[in-house]
Protein chains: 2
Amino acid sequence: MRKSGEERREEIVQAVIDLAAEGGQSQLSTQAIADRVGIAQPTVFRHFRTRDLILQAVIDWISRHLLGLVMAIATGNGSARERLPRLLTRQLEFIARHPGLPRLLFSERVHQDSPVLKQSVGRVMANWTRTVTELIREGQAEGSFRADLDAEETARLILAMIQGLVMRWSISDFQFDLPAQAEAVWRLVAPAMTSPSPGP
Amino acid sequence: MRKSGEERREEIVQAVIDLAAEGGQSQLSTQAIADRVGIAQPTVFRHFRTRDLILQAVIDWISRHLLGLVMAIATGNGSARERLPRLLTRQLEFIARHPGLPRLLFSERVHQDSPVLKQSVGRVMANWTRTVTELIREGQAEGSFRADLDAEETARLILAMIQGLVMRWSISDFQFDLPAQAEAVWRLVAPAMTSPSPGP
DNA sequence: ATTGTAAGCGATTGATTACTTACTTACGAG
DNA sequence: CTCGTAAGTAAGTAATCAATCGCTTACAAT
């Protein structure tokens, strides 16, 4: 069955995301991808000249969808105080809907072997941090968050917590309700961001 | 140069930790290990019957040293309120001294391919969580930490934050001062643990 | 209808992988 | 001194990997 190049490329990207959710990086050979899509292994190289270009396309896909979601919420309706916890929940829901994403973004091929892919992931994280930093600053301006808070540092720590959480979820083979953990994160973070620091 | 089996096994474990710090999982072939130790590649299999048994030994090494450190501080001198931030600092210092550890513990071979290794890592994390949970409960008993805090959930979130932080450090090729981040973590976590939650 | 383009495939290649086999040799206990 | 054990090696194996090559064929625009 013959399909257009663009269509096949999308199928390949989706196949990689699905395979990553099931088996991780080890099951991500061009052979496995070809089998999943239903084409011969060499045909994969008609659409992507190298294997890394496939992963690049996948990371682009993630970047577009994830950052699109985050920015939509960060600049959406309601106060910053309301939007930040909503962002946590929505982001964890998004990841829960695509369990392959963390296994790809945390994989060695991405951030140890290939400097190019590593840079792409770095850009996604930097964009995320910048967006959330802005959101926190907005909350400080509206008086919801403490003014003496380092907005960028806080954004980075929240990202670290999400990543650690998602990693445990991925290691545990998705055996707990990830979006439900958003509340727990907010329970820990909110008091530190909203209450004045207690004297010594 | 002929050495005893035990001596060689220790050399091999150290070689793996060093290689992981330098190049990650991809540079971790039995050939690379043999070259680093200074023996022929098949000789590696005299000391470990399979490659996974090498990784198992490495994880055991990490488990012994890391948990030894954590438990020593968790049950050491001073109030729980003092010991918890000290534990964060000391742990990040330990990891900074052994940059290969996160790359090994977060590698795919460990927690996707081999269920046995995965289980070992899971036990380390479970032990860490249990120890810190106990420490937090102690702090609650002495009145330093809020009584309405879920100790285990908090311990898990702190671990998640450490893991996310260490992962960013590892991805960035160790380009920032990891132990210095302990203060930032504590700045975020402490207010949430010590101050009463603000009313709605 | 013709034809250029691009998707598709079978066969293969060279590199790398963990691991085996058959043999040698160092060395400590008796 | 000897001799069994265990550390060492060179050579090789089967598997898997990304990527190449030569060829075919579907299809859309002319």
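The values are calculated or read from the model by the stated rules, or taken from the named source; none is laboratory data. Because the structure is predicted, anything quoted here is derived from the model rather than measured. Reconstructed Cβ throughout: ideal geometry from the backbone, glycine too, with neighbour counts over all protein chains shown. Calculation scope for accessible area: heavy atoms of the full protein, side chains included, ligands and nucleic acids excluded. Shrake-Rupley method; radii C 1.70, N 1.55, O 1.52, S 1.80 Å.
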### Query
Does A:G139 fit the bill of being farther than 22 Å from B:L157 by Cα and free of Cβ contacts under 8 Å to residues at least 12 places away in the same chain?
no
### Task
Would you mind telling me which numbered condition in (1) free of Cβ contacts under 8 Å to residues at least 40 places away in the same chain; (2) over 24 Å from the mean Cα position of the chain (by Cα); (3) open to solvent by 30 Å² or more (accessible area, probe 1.4 Å) A:A34 fails?
(3)
### Message
Being in contact with a helix residue (DSSP H, G or I) (Cβ under 8 Å, 6 or more places away or on another chain), open to solvent by 70 Å² or more (accessible area, probe 1.4 Å) and within 12 Å of DNA strand C (Cβ to nearest atom) is the filter here; which residues of region B:1-25 pass it?
### Response
B:K3
### Selected residue (only one of B:I39, B:I59 is surrounded by 15 or more Cβ atoms within 10 Å (Cβ to Cβ) and away from chain A (no Cβ under 14 Å))
B:I39
### Message
The conditions are (1) free of Cβ contacts under 8 Å to residues at least 40 places away in the same chain; (2) within 14 Å of DNA strand D (Cβ to nearest atom); (3) closer than 27 Å to B:Q163 by Cα, and A:Q112 fails exactly one of them. Which is it?
### Response
(2)
#### Entry: Selection from region B:95-122 of residues that are at pLDDT 95 or above and exposed (fewer than 15 other Cβ atoms within 10 Å of the Cβ)
B:R97
### Task
Tell me, please, whether a residue that is in contact (Cβ under 8 Å) with a residue 60 or more places away in the chain, within 25 Å of B:E183 (Cβ to Cβ), crowded, with 21+ Cβ neighbours inside 10 Å and of a type in the set (A, V, I, L, M) can be found in region B:143-164.
yes
### Query
Looking at B:A74, B:A21, B:A96, B:A15, which is the one that is within 14 Å of another protein chain (Cβ to nearest Cβ) and either hydrophobic (A, V, I, L, M, F, W, C) or within 16 Å of DNA strand D (Cβ to nearest atom) (or both)?
B:A21
### Query
So which of B:T89, B:T50 is among the hydroxyl-bearing types (S, T, Y), more than 13 Å from DNA strand D (Cβ to nearest atom), at pLDDT 95 or above and surrounded by fewer than 17 Cβ atoms within 10 Å (Cβ to Cβ)?
B:T50
